[in-house]
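**Student:** This is the structure I want to talk about, given as structure tokens.
None of the figures in this text is laboratory data; all of them are computed from the coordinates on show. Just so it is clear, the model here is predicted, and its values are computed rather than measured. Every residue, glycine as well, gets a Cβ built from its backbone with ideal geometry; the counts of neighbours run over all protein chains shown.
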Amino acid sequence: MTPTLGRHLELCRGLIEALQHEQLVLHYQPVLDLRSGDVAAVEALIRWQHPEHGLLPPLDFIPTAETTGQIVEVGEWALVQACRQAQAWRQDGLPVRIAVNLSARQFSAPDLIGSVERTLRDTNMPPGMLELELTESMFADPTTSTVILECLRSLGVRVAIDDFGTGFSSLSYLTRFPLDTIKIDRSFVAEATRRKHAATVVGFVVAMAHELELQVVAEGVESEDQERLLVSHNCDLSQGFLHSPPLTAPECERWMRQRISRPLTSIPGGADVEDRPVARKQPQPRSNRSHRRRAAGARA
Ligand code: C2E
Ligand code: MG
Ligand code: MG
């Protein structure tokens, strides 16, 4: 038995226990609106509180869970848990949109739509407050992907493309799939202040996304210089260590409550806007592209 296989089996057995003994936890990272300074959303990011190895990041176990198929159960757990948390915050006066990552296997699982529908119903979550994050690599079969995305849209949930720019798929999917958000991969954000061409790509992606009536999140924003550049390119939302790392649920709640009372001068482009509460506006249920057209008009 190779060490790799041994490690794989250990992880696989460990994950069964993790699900049974509630060792999985979600951390939450705020996403800020670059114009108003509001917390526009939080992204749920899974961790494994391992009894021997401590807190494990997702990349230590999600690939194995994907190979063994356990990711479907793990992903369903994360979806339910994230919606429960978002709903609890909403009831406590913090109505914030929650973003949940889906794996390729979950995206093509026969019961994906049923599982999302049940979760929304059981947690009483408004569908427009849930955003599912997918990656370009999941769209290998455009016909099937379109059907799945149309079904998700009919439930009223939002869809984001995560790690945008790292895949090799054709851009044509952007015109045919019902999408709401593009998340620019952090590799572009990191390069943007160092290399002129990377900044050009960021500017191009933002302009293209806005033409397609999509919202743009910059991932992995670590410095004020990066954020200033993003503001100058009209990027909508910012997520990264500059504002906050992923936090436990109580930490994230404290962070959001403190944010309400903080002036906006620390946010580039937000200095002339009055302080505003977290997620002040409830997103309206979205039925078609005209909704996004109106949103784009309001942005201008
Ligand atoms: P992602 O969805 O692109 O999540 C963003 C990752 O970037 C997170 O890593 C986050 O901690 C990290 N990050 C955020 N801001 C910064 C920054 O300013 N600088 C740097 N260097 N990193 C930053 P994390 O939590 O380790 O998650 C890694 C990936 O694991 C996620 O990438 C996502 O693809 C996957 N993942 C996380 N949770 C889940 C889940 O519940 N289900 C599935 N299927 N995948 C998940
Ligand atoms: Mg993500
Ligand atoms: Mg990402």
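**Student:** How long is the gain from residue 88 to residue 212 if the chain were fully straight, where each residue apart is worth 0.36 nm and the alpha carbon distance is subtracted? Can you show the working numbers first?
**Tutor:** Details: separation 124, 0.36 × 124 = 44.64 nm, distance 3.34 nm.
That works out to 41.3 nm of additional length.
**Student:** Cα-based Rg (one decimal) and Dmax (whole number) for the chain, in Å?
**Tutor:** Over the chain's Cα set, Rg and Dmax evaluate to 19.0, 63 Å.
**Student:** If one computes the Cα centroid of segment 75-95 and of segment 177-249, what distance in Å separates the two points?
**Tutor:** Cα centroid of segment 75-95 versus Cα centroid of segment 177-249: 25 Å apart.
**Student:** By its C-alpha gyration tensor, with a ≥ b ≥ c as the square roots of the eigenvalues, how is segment 125-232 shaped: rounded for a/c under 1.5, else prolate for a/b larger than b/c, else oblate?
**Tutor:** Details: a/c = 2.35, a/b = 1.70, b/c = 1.38.
It comes out prolate by the Cα gyration axes.
**Student:** Which ³J(HN,Hα) values in Hz, rounded to whole numbers, follow from the phi angles of segment 28-42 under the Karplus curve 6.51 cos²θ - 1.76 cosθ + 1.60, where θ = phi - 60° and Gly and Pro get x?
**Tutor:** 10, 10, x, 10, 9, 6, 6, 9, 9, x, 5, 6, 7, 6, 10
**Student:** Now a separate question. Provide the per-residue ³J(HN,Hα) series for segment 199-215, in order, calculated from phi with Karplus coefficients 6.51, -1.76, 1.60 and θ = phi - 60°, each as a whole number of Hz, with x at glycine and proline positions.
**Tutor:** Calculated HN-Hα couplings, in order: 5, 5, 4, 4, x, 5, 5, 4, 4, 4, 4, 5, 4, 8, 6, 10, 7 Hz.
**Student:** So what's the back-of-envelope 222 nm ellipticity for the chain, counting only DSSP H runs of four-plus at -39500 (n - 2.57) apiece and dividing by all residues, rounded to 500?
**Tutor:** Numbers: 12 runs with 135 residues, N = 300.
Estimated from H runs of four or more residues: -13500 deg cm²/dmol.
**Student:** Right, next: Find which of 189, 142, 206 sits farthest along the positive direction of the dipole of the chain, computed with +1 on the beta-carbon of Lys and Arg, -1 on that of Asp and Glu, about the Cα centre.
**Tutor:** Final value for the positive-end residue is 206.
**Student:** Using amide H atoms built in the peptide plane, which far-off residues or other-chain residues are under 5 Å from residue 40 H to H?
**Tutor:** 31, 32, 33
**Student:** Please report the spacing between the Cα centers of segment 19-58 and segment 120-174 in Å, no decimals.
**Tutor:** 20 Å
**Student:** Using the Cα centre of segment 24-299 as the reference point, and only Cβ charges (+1 on K/R, -1 on D/E), how large is the resulting charge dipole? Debye, rounded to the nearest 20. Write down the numbers at each step before the final one.
**Tutor:** Values: 30 positive and 35 negative charges, 185 e Å.
Roughly 880 debye for segment 24-299.
**Student:** Which value, in debye to the nearest 20, describes the size of the charge dipole of segment 23-101 about its Cα centre when Lys and Arg Cβ atoms bear +1, Asp and Glu Cβ atoms bear -1, and nothing else is charged?
**Tutor:** Working: 5 positive and 9 negative charges, 54 e Å.
Here the size comes out at about 260 debye.
**Student:** Quick check: the angle from helix 142-155's long axis to the longest principal axis of the chain, C-alpha only, nearest 10 degrees?
**Tutor:** The answer is roughly 70 degrees.
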